[in-house]
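S.K.: Let me give you the structure first, and then I'll get to my questions.
The values are calculated or read from the model by the stated rules, or taken from the named source; none is laboratory data. These numbers were taken from a predicted model, which means no experiment stands behind them. Methodologically, a virtual Cβ is constructed for each residue, glycine included, from the backbone with ideal geometry; neighbour enumeration extends over all protein chains shown.
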Amino acid sequence: MDARDSNGAVLKDGDAVTLIKDLKVKGTSVTLKRGTRVKAIRLTADPAEVECNVDKVKGLVLRTEFLKKA
């Protein structure tokens, strides 16, 4: 099954995505703002989740329902 963003576009390893909602990162005081661009995502075994690195947080897992392909 393919990983798809909030608009239904297929995501691949290395794609850049943009957040469509402010997200609080559990375990930290960081909030990722809507419109934040995330580069070089990595697909996981779960098609509803992707791994990425953001400036302040490394090894972050994001749900695809909060992303759109950039």
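S.K.: Of all residues in region 10-21, which are of a type in the set (A, V, I, L, M), loosely packed, with under 15 Cβ neighbours inside 10 Å and in a loop (DSSP other than H, G, I, E, B)?
M.R.: Filtering region 10-21 for residues of a type in the set (A, V, I, L, M) gives 10-11, 16-17, 19-20.
If we keep only those that are loosely packed, with under 15 Cβ neighbours inside 10 Å as well, we get 10, 16.
If the condition is that a residue be of a type in the set (A, V, I, L, M), loosely packed, with under 15 Cβ neighbours inside 10 Å and in a loop (DSSP other than H, G, I, E, B), then ALA16 is the only one that fits.
S.K.: Taking LYS58 and the conditions (1) touching a Leu at 6+ places or on another chain (Cβ under 6 Å); (2) at pLDDT below 95, which numbered condition does it fall short on, given that it satisfies the others?
M.R.: Going through the list (1) touching a Leu at 6+ places or on another chain (Cβ under 6 Å); (2) at pLDDT below 95, LYS58 breaks only (1).
S.K.: Counting just the residues of region 46-60 that are surrounded by 13 or more Cβ atoms within 10 Å (Cβ to Cβ) and of a type outside the set (D, E, K, R), which one comes out farthest from ASP2 (Cα to Cα)? Give the derivation first.
M.R.: Taking region 46-60 and keeping what is surrounded by 13 or more Cβ atoms within 10 Å (Cβ to Cβ), we get 47, 49-54, 57, 60.
Among the residues that remain, those that are also of a type outside the set (D, E, K, R) are: 47, 50, 52-54, 57, 60.
Working: PRO47: 6, VAL50: 12, CYS52: 17, ASN53: 21, VAL54: 23, VAL57: 26, LEU60: 20 Å.
Looking at residues that are surrounded by 13 or more Cβ atoms within 10 Å (Cβ to Cβ) and of a type outside the set (D, E, K, R), I get VAL57.
S.K.: One residue is enough: does region 25-33 have a residue meeting the conditions hydrophobic (A, V, I, L, M, F, W, C), at pLDDT below 95 and more than 11 Å from the chain's Cα centre (by Cα)?
M.R.: Yes: region 25-33 contains one or more residues that are hydrophobic (A, V, I, L, M, F, W, C), at pLDDT below 95 and more than 11 Å from the chain's Cα centre (by Cα).
S.K.: Output the number of residues of region 22-45 satisfying the condition of being exposed (fewer than 12 other Cβ atoms within 10 Å of the Cβ), part of a loop (DSSP other than H, G, I, E, B) and touching a residue at least 24 places away in the same chain (Cβ under 8 Å).
M.R.: 1
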